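One structure is given below, encoded as structure tokens.
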Amino acid sequence: MQDSPLVEIEDLRVTFKERSGSFDAVRGVSFSMGREKLGIVGESGSGKSLTGKALLGLVPGNAVVTAKKLAFDGHDILAATPREMRKLRGRRIGLVMQDPKYCLNPVKTVGYQIAESCKLASRVSSADAKVRVLETLRAVQINDPERVARAYPHELSGGMAQRVMMAMMVIGEPDLLIADEPTSALDVTVQLEVLALLDRLIAARGMGLIFISHDLRLVSQFCDRIVVMYAGRIVETLPAKDLSQATHAYTRGLLNCLPSLDRAAGTRLPTLQREAGWRT
Amino acid sequence: MNKGSLLSLDRLVVTYGAVRAVRDLSFAISPGECFGLVGESGSGKSTALRAIAGLAPIASGNVMLAGQTLMGPRDLHFHRRVQMVFQDPYGSLHPRQTIERQLMEPLRIQRFPDRPDRVRGVIRRVGLPESFLYRYPHQLSGGQRQRVAIARALLMEPDVLLLDEPTSALDVSVQAEILNLLMDLREERVLTYLLVSHDFGVIGTMCDRLLVMRHGLAVEEMSNADLRAGRATSAYARQLLEASRGYHPEALADVG
Ligand SMILES: Nc1ncnc2c1ncn2[C@@H]1O[C@H](COP(=O)(O)OP(=O)(O)OP(=O)(O)O)[C@@H](O)[C@H]1O
Ligand SMILES: Nc1ncnc2c1ncn2[C@@H]1O[C@H](COP(=O)(O)OP(=O)(O)OP(=O)(O)O)[C@@H](O)[C@H]1O
Ligand SMILES: [Mg+2]
Ligand SMILES: [Mg+2]
């Protein structure tokens, strides 16, 4: 297991062909990771979600993806057949999408959808899957799992939908979980419980986690390593606990924009003076 | 009830079948005030906003705007005065219309003049290039979609903005720009905000008062000064403030 890293990305590029020319959304991202917690932070539109989707072969059809290397546990993602990709997605890699309500099937109950993803990952009877569904919903801090399992996506609150999507992805106990803003709609106490659940999965199963988030403090406390993205590139990689000592001007500027209770109420927040030089 | 208030809820109850999403909620917001709603996921915050916008089934209680009880479907005049930014921007945008068309349409319905100029102006104010007007929602990142939803609400130049987690998908630098924009607008003209957020930094920056909710009920009302001083009287509000200090084992022990 130690020989090849869980994820290897070298010079990943995602380009959209548009009438007005082509637009490079991801411009040469490289990193590799093992069974660790890797945080990705960065500017809105900098290519974080696309990087995650590229690992699952889920980039939109009008995009061209290239890379010197794009591998999961030794599997070449760019060369994989659709069938192989489906197998990887169902059993070994989970993706918690940024817009959970939009990604869930609107005409199937939540319980049905989580049970399907459980059955896809391992051979279980429908009855066992049902039990596992309720357990997993409880683990993501849903107080009334029976009701929620019977509910349709539009009947969920924003934070409940996020946790349902999380339940759907962790129930298969993947080797790699890509979680795109998985806790942005959760109140702080529920958020802590969901993070603790992820920590348990990582400890028990040796799962690797890519945690995309705008919550700088959370990422620095929860993750092992942080990748900072700006305009389609990685500008800085650093140990999570050293985030406050970041050296890149973008990262420093970002930290400076955090709204904090130390600043007087009603006063304008500092903003970022974006420099052309950051867009290398 | 509260004579001076612009927007108020009086003993609001919203039920979906057996689910009591909002059980008994009252608050009153003065003109020009920014009022925050925080609380447990699933506690009824979005439902309260939707009820104000006429989008949730009110079982009992009242919603009042400028002294008048609102009933039935909301009319054009309401949408001119009150705009909402939904928690889920994807769901609130039309998937098969360009951003430009979705921004132009409400302006046309409300018979605004200078529509193309307004649309270009507002898209720039939320920090997006004009070229994005010709895209569809699925061609944007999460935070870009959220900014389109904010732009659409601002276009109407409303008196009241219902903001449901309006910056949850934004990095902190873009968030700061949007929050500054909201503060500037409040200074330019009297604008009243009802803001839902899980981020106490955002609430503390923006809000004069806040209400902590749980299980469809109001738990505790706090002033901005209370929030900053950590003066919470209820156990739940204290727990929330404690957890907002971040991810560390002690916080978990408290919650557990
Ligand atoms: N289908 C598409 N067509 C054209 N451009 C696209 C498409 N999908 C995404 N993009 C662009 O690619 C860039 C990167 O998008 P991505 O969703 O990866 O951003 P992100 O870093 O996740 O941002 P956010 O934090 O706002 O979610 C954005 O500028 C976006 O507008
Ligand atoms: N259309 C609906 N049908 C049935 N139940 C619903 C419906 N809409 C909301 N609910 C329920 O009402 C409760 C409150 O939901 P609401 O969306 O108001 O919560 P919230 O406080 O906004 O939570 P979050 O912070 O997670 O967004 C939840 O239990 C939810 O499942
Ligand atoms: Mg994204
Ligand atoms: Mg909500």
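With the Cα gyration tensor of segment A:219-276 giving a ≥ b ≥ c as the square roots of its eigenvalues, does the rule (a/c under 1.5 for rounded; else a/b larger than b/c for prolate; else oblate) give rounded, prolate or oblate?
oblate
If r is the Cβ-Cβ distance from A:Ser20 to B:Arg245 and R0 is 51 Å, what FRET efficiency results, to the nearest 0.05?
0.60
Give me the log10 of I(q) over I(0) for segment A:99-173 at q = 0.14, 0.26 Å⁻¹, as the Debye formula computes it from C-alpha points; what are the numbers?
Debye curve over Cα of segment A:99-173, log10 I(q)/I(0) at q = 0.14, 0.26 Å⁻¹: -0.35, -1.25.
I'd like the Karplus ³J(HN,Hα) series for segment B:162-171: coefficients 6.51, -1.76, 1.60, θ = phi - 60°, whole numbers in Hz, and an x wherever there's a Gly or Pro.
Values, residue by residue: 9, 10, 9, 6, x, 10, 5, 9, 9, 5 Hz.
Collect residues whose amide H, placed 1.01 Å from N in the peptide plane, falls under 5 Å from the amide H of A:Tyr230; neighbours closer than 5 in sequence don't count.
A:Val235
Where does chain A land on Rg(C-alpha)/(2.2 N^0.38 Å)?
With N residues counted in chain A, Rg over 2.2 N^0.38 Å equals 1.03.
What are the residues whose amide H is under 5 Å from the amide H of A:Gly28, where those residues sit 5 or more places off or on another chain and H is modelled from the backbone?
Result for A:Gly28 returns A:Leu12, A:Arg13, A:Val14.
As a test of the formula, what do you get for the protein assembly as shown when each DSSP H run with n ≥ 4 contributes -39,500 (n - 2.57) and the sum is divided by the residue count, at 222 nm and rounded to the nearest 500 deg cm²/dmol?
Mean residue ellipticity, 222 nm, calculated: -11000 deg cm²/dmol.
Given a 1.4 angstrom probe, what's the average accessible area per residue across the protein assembly as shown, in square angstrom?
Accessible area per residue: 42 Å².
So what are the ³J(HN,Hα) numbers for segment A:174-187, from phi and the Karplus equation (6.51, -1.76, 1.60; θ = phi - 60°), rounded to whole Hz, Gly and Pro as x?
x, 7, 9, 10, 9, 10, 9, 6, x, 10, 5, 9, 9, 5
Using the membrane-span-like helix rule (whole DSSP H runs, Cα extent along the own axis of at least 30 Å, mean Kyte-Doolittle hydropathy at least 1.6), which helices of chain B qualify?
none
Give a residue-ordered list of calculated ³J(HN,Hα) values for segment A:212-227 (Karplus: 6.51 cos²θ - 1.76 cosθ + 1.60, θ = phi - 60°; whole Hz; x for Gly, Pro).
With the stated coefficients, segment A:212-227 comes to 8, 7, 9, 8, 4, 5, 4, 4, 5, 7, 9, 8, 8, 9, 10, 10 Hz.
Which whole-number percent of Cα pairs in segment B:37-180 have a distance greater than 22 Å?
41 percent
Normalise the Debye intensity by I(0) for the protein assembly as shown, one equal point scatterer per Cα, no solvent, then take log10 at q = 0.07 Å⁻¹ and round to two decimals.
Log10 I(q)/I(0), no solvent term: -0.38.
Taking amide H positions as placed in the peptide plane 1.01 Å from N, state which residues far from A:Gly94 in sequence (5 or more) or on other chains have amide H under 5 Å from it.
HN-HN under 5 Å from A:Gly94: A:Leu176, A:Leu177, A:Ile178.
Under 20 °C and 1.002 mPa s, how fast does segment B:1-93 diffuse according to Stokes-Einstein, given a Kirkwood radius computed over C-alpha pairs? Answer in µm²/s, whole number.
The estimated diffusion coefficient comes to 154 µm²/s.
Run the paramagnetic zone check for A:Ser4: 7 angstrom along Cα to Cβ, then residues of segment A:77-104 with backbone nitrogen under 13 Å.
Correct set: A:77-80.
Want the number for B:Arg189 to B:His215: 0.36 nm per residue separation, take away the alpha-carbon distance, what's left?
Extra length from B:Arg189 to B:His215 when fully extended: 5.8 nm.
The values are calculated or read from the model by the stated rules, or taken from the named source; none is laboratory data. All values reported here derive from a predicted model rather than from experimental measurement. All Cβ positions, even for glycine, are placed from backbone atoms using ideal geometry, and neighbour counts span all protein chains on display. The area values use the complete protein model at the heavy-atom level, side chains included, leaving out ligands, DNA and RNA. Shrake-Rupley method; radii C 1.70, N 1.55, O 1.52, S 1.80 Å.
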